[in-house]
1. Can you name every residue in the stretch 152-176 that is of a type in the set (Gly, Ala, Ser) and in a loop (DSSP other than H, G, I, E, B)?
2. Mind checking which helices (runs of 4 or more DSSP H) fall wholly inside the stretch 188-285 and carry at least 2 residues that are outside the structural domain of PRO7 (by TED's automatic domain parsing) and among the hydroxyl-bearing types (Ser, Thr, Tyr)?
3. With GLN179, GLN149 as the choices, which residue is part of a helix (DSSP H, G or I) and out of contact with any Leu (no Cβ under 6 Å at 6 or more places or on another chain)?
4. Of these, LYS9, LYS56, LYS69, which one is assigned to a strand (DSSP E or B), outside the structural domain of VAL222 (by TED's automatic domain parsing) and basic (Lys, Arg)?
5. Taking the stretch 211-244, which residues are closer than 14 Å to ASN11 by Cβ and aliphatic (A, V, I, L, M)?
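The values are calculated or read from the model by the stated rules, or taken from the named source; none is laboratory data. Predicted, not measured: the structure shown is a model, and the values here were computed from it. Using ideal geometry, Cβ is built from the backbone for each residue, glycine included, and neighbour counts are taken over all protein chains shown.
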Amino acid sequence: MIKLKAPAKINLCLDILSTLDNGYHSVWMVMQSVDLYDTVCIEKTNTKTIEIECDKPNIPSDKRNIAWKVAEAFFNKTGVENQGIRITINKNIPSSAGLAGGSTDGAAVLVGLNKLFDSGLTEHELCEIGQEIGADIPFCVVGGTALAQDIGQILSRLPDFEGYKIVLVKPDRDVSTKQAYDTFESKSNIRHIDNAKILHLCANGDYENSFRYFENVFEQLVEVPERVEIKSVMRQHNASLALMSGSGPCVYGVFKNETDANECAEILKKSFSDVFVCNCVKTGCEIFE
């Protein structure tokens, strides 16, 4: 049996550039892994099937689960015969939150199966399999701090985003990423971000000055009423940046001071049940047992 840590991600900034001919969207994102982890266990069985078990009843345990789809794609790609595997997922990352909870579980399955079956696939090959299932999976395999382009699978390493505390807040609502992108299709007045300025600052590790330019265009497309309150509390506690992650509804704050982050989290816990204080991490999914 193999156990893996599957970290959540946040979008330090996110822009949607266009709709591609294949229906996907061209995006431009600076992404960061944080130490809010799901745990994924993979073991061999003799059932000749893919079994999914999850401790959250709202998560599907059949072919709808990204982990199932990734496992099937792995066996098809490698030609390894599936004598039977069981994937057990313990969820800590809120679902439908903009934190890539499903994608990071899928990435963990790829990394774990590669090790379990000694397949010898490179990180690039794992990402190629993953991108066919979900655009965030390649980043979740690689992790750390990266610029993601095209549909998200073109990744460029950036200097480590370190020395900050991240406060995550998930309001008690879900957001459909598909609906969010559908809204983009219907709007003609999207305010885009200054990608060139952001890339120059990030490439030189100047995140302090990049904060003033970071935005998430989904905030123009997705209505999350609690977002204003959450951001207000974060700014009152000296957050350097407060944004929605992905298509939401999760909102995060970036803090230079640990005490400010902890005090902010305590205030937010009075109104919201899903509040986390996180560190940034430099890797994606990792085997730990």
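1. Taking the stretch 152-176 as the starting set, the residues that turn out to be of a type in the set (Gly, Ala, Ser) are 152, 156, 163, 176.
GLY152, GLY163, SER176 - these are the residues of the stretch 152-176 that are of a type in the set (Gly, Ala, Ser) and in a loop (DSSP other than H, G, I, E, B).
2. Output list reads 207-210.
3. That would be GLN179, the only listed residue that is part of a helix (DSSP H, G or I) and out of contact with any Leu (no Cβ under 6 Å at 6 or more places or on another chain).
4. Details: LYS56 fails: assigned to a strand (DSSP E or B); LYS69 fails: assigned to a strand (DSSP E or B).
Result: LYS9 is the single residue among LYS9, LYS56, LYS69 that is assigned to a strand (DSSP E or B), outside the structural domain of VAL222 (by TED's automatic domain parsing) and basic (Lys, Arg).
5. The answer is VAL217, LEU221, VAL222, LEU241, ALA242, LEU243, MET244.
Matching residues to (1) hydrophobic (A, V, I, L, M, F, W, C); (2) in contact (Cβ under 8 Å) with a residue 60 or more places away in the chain; (3) closer than 16 Å to LEU4 by Cα:
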{"position": "SER61", "(1), (2), (3)": "no, no, no"}
{"position": "ASN76", "(1), (2), (3)": "no, no, no"}
{"position": "ILE85", "(1), (2), (3)": "yes, no, yes"}
{"position": "THR104", "(1), (2), (3)": "no, yes, yes"}
{"position": "GLY120", "(1), (2), (3)": "no, no, no"}
{"position": "HIS124", "(1), (2), (3)": "no, no, no"}
{"position": "ALA135", "(1), (2), (3)": "yes, yes, no"}
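Listed here are the residues, each with its yes/no results for (1) buried (at least 20 other Cβ atoms within 10 Å of the Cβ); (2) polar (S, T, N, Q); (3) within 19 Å of ILE129 (Cα to Cα).
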| site | (1), (2), (3) |
| --- | --- |
| VAL30 | yes, no, no |
| LEU36 | yes, no, no |
| ILE50 | yes, no, yes |
| ASP55 | no, no, no |
| SER61 | no, yes, no |
| ASN65 | yes, yes, yes |
| TRP68 | yes, no, yes |
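Every residue, every condition in (1) touching a residue at least 40 places away in the same chain (Cβ under 8 Å); (2) more than 14 Å from MET31 (Cα to Cα), yes or no:
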site: ASN209; (1), (2): no, yes
site: GLU229; (1), (2): yes, yes
site: ARG235; (1), (2): no, yes
site: ALA242; (1), (2): no, yes
site: SER247; (1), (2): yes, no
